[in-house]
Amino acid sequence: MIEVNNKREGFSVVDGRNGVLNVKKEGDNGGVNYIINYLTQFQNQMTELLLIMNVRIDEGRQGTINVHLGDDPEVLARDFCIEYNVNQRLVPLLIENINKNLEVAEQQKVNVRERDQYTMQYSTETCNSKFMETPFNEPLQQLSTNNYYSTHSSVHERLYEDAKNKRLKQKLNISDSRSKKIKIQEPEINYGLFLYQKGLKKNEEKQQRAESAKKDLQNSQLVECTHHPRINHVSRQLAQRKGECVSEHLNRLAQEQKIKRENASQEHLKTEVQSCSFKPQINRISRYIVEERNDRGNQPWYQSLYSDYDSKRQKLEQLEKQYFSSNYTFHPKIDLISEKIVQGSSFEQRQKNRSTSRQNLSVCDDENQLFKPKTGRPPEKRPRDLFQNLYNHAKIYEQKRQNQIVQLHQQQISASQIRASERSNQMIQSQMQIQLIKIFESLDSDKDGCINSENCDVGDLEDNVIKILSPLLLEMESGNHTLNKKEFVESAERLVAILSPGDKHELLKRPGRKTDVPQFSFNPSVNKRSQKIVAAKRN
């Protein structure tokens, strides 16, 4: 706040931040110019502070962001988040609001500058006319007129001017109060994002409270636990390798043991070498052999053998070339075919290469051929009755499909049947013959070795056996046949061959004889108490 006080003995310029800046006595002609220079200097100083932005963080907190000339909005936003412990996700939102408010402040600054230029220009042109009622020019012009009337005017005019100055002071105070009430436009805040950040913060606080409560509960429970078990090294390692596969653990242990053994052997070798003061000197060949052995220790055996064979082969080829070049001076030039023959390619290999080359040439010729369209069947092979032909094809297709279904069903039935071995079949067949002989003996009531419809006794057989053998018995009765033991067994085997496995199982059972239940005339009687006990148990 800037206040200009006009006094009879002098005037003073007061800054609301730093107090009284300067005092000039009456009669100083440079007073007005000094005030104008100070006001312009103060206005230049105020441009350093471009913006003061109030940000409401929550219900009980509010922060400010002071934007000076040359400040980076991103740095200001991050400093604000760090200072007030706000989530860093709000930095882009704060940067956007700072930029918007800077644009508004810059526009207001331009408007004020244009208004000041207009008022200063108009005040210089009309210095001796009516006084301009502006916040800056009114006190300046009033001071100049006060200085003039203080020396050339009467008492009434000075009183009139004092009253007028009071009214001007009141107007200045009113304008200052209005300027204080005018605030910078509040930034537009995305309340959805703000609420989302608030919810995330509340969830984090909730999780922290839950974890702290869980820790407190565990600590309170551990206070009562006085027993502290001790585990060995192996159990501690098992607890540390949770989720690790057994194979990976064993591989890791093997690698660690291998590294330990190598380190131990190296340390042992170092200690032995340090104790040895004698260092023998070997020749160049021995040194080469030692270096080669050391190199071989780092590479696998198969690679070392391959490298040895390769080096030997190269040496032999080199010796062979040297021998031929020294002993045979004539070197004839032959064509490609002769060279291939000399190189050792067989006749079959040459034929194969020739066929592959011909195929490649035919493929190239096919690619270079002209367009040959593919047509359908010629008209002479087309049937006269197209619909009848399609119907016949459909019938053939349906018949094939039915045959496939029947074959599949038969395959499933054959696959579901139990395939017994030959030994098992022989055992079952012998057991079946024994069982049929027993059935024949039970049917032969007169023990003469033959049975017919008259002397056949089925009373000793079970009902299921009679039901299974009923076709054979009915045929014997209808034809009035007499069968001996061999004929009965052969006929029964032919009948058994078409029976199901369940019926075969019933025949293989040992036939039981019906026993007559003896009849007794004694009927026991119980008392009432026993009857009540029996009734209670039944209920």
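The values are calculated or read from the model by the stated rules, or taken from the named source; none is laboratory data. In this text, all values refer to a predicted model and were calculated from it rather than measured experimentally. Ideal geometry is used to build each Cβ from the backbone, glycine not excepted, and the neighbour counts take in all protein chains shown.
A search for C-beta distances below 9 Å between a residue of the stretch 467-479 that is within 12 Å of A492 (Cβ to Cβ) and any residue that is of a type in the set (S, T, Y) and surrounded by 12 or more Cβ atoms within 10 Å (Cβ to Cβ), counting only pairs 6+ apart in sequence or on different chains, returns L472/S491; L473/S453; E475/S491; M476/S453; M476/T482; M476/S491. In the stretch 274-318, the residue that is surrounded by the fewest Cβ atoms within 10 Å (Cβ to Cβ) out of those that are β-branched (V, I, T) and over 25 Å from E262 (Cβ atoms) is I285. Filtered by the rule that a residue be acidic (D, E) and in contact (Cβ under 8 Å) with a residue 12 or more places away in the chain, the stretch 45-70 gives E48, D58. Contact map, the stretch 384-402: residues that are touching a residue at least 60 places away in the same chain (Cβ under 8 Å) paired with residues that are assigned to a helix (DSSP H, G or I) and surrounded by fewer than 10 Cβ atoms within 10 Å (Cβ to Cβ), Cβ distance under 9 Å, separation 6+ or inter-chain. No pairs are found. Evaluated against (1) at pLDDT below 85; (2) in contact with a Leu (Cβ under 7 Å, 6 or more places away or on another chain), Q197 falls short on exactly one condition, (1).
Criterion applied to S235, S212 was being surrounded by 10 or more Cβ atoms within 10 Å (Cβ to Cβ), of a type in the set (S, T, Y) and either farther than 30 Å from Q88 by Cα or modelled with pLDDT under 80 (or both), and the one residue passing it is S235.
If you go through the stretch 461-487 one residue at a time, how many are within 12 Å of F440 (Cβ to Cβ) and not hydrophobic (A, V, I, L, M, F, W, C)? So the count comes out to 4.
Condition test on L436, is it under 16 Å from L507 (Cβ atoms), assigned to a loop (DSSP other than H, G, I, E, B), of a type outside the set (G, A, S) and modelled with pLDDT of 75 or more? Answer is no for this residue.
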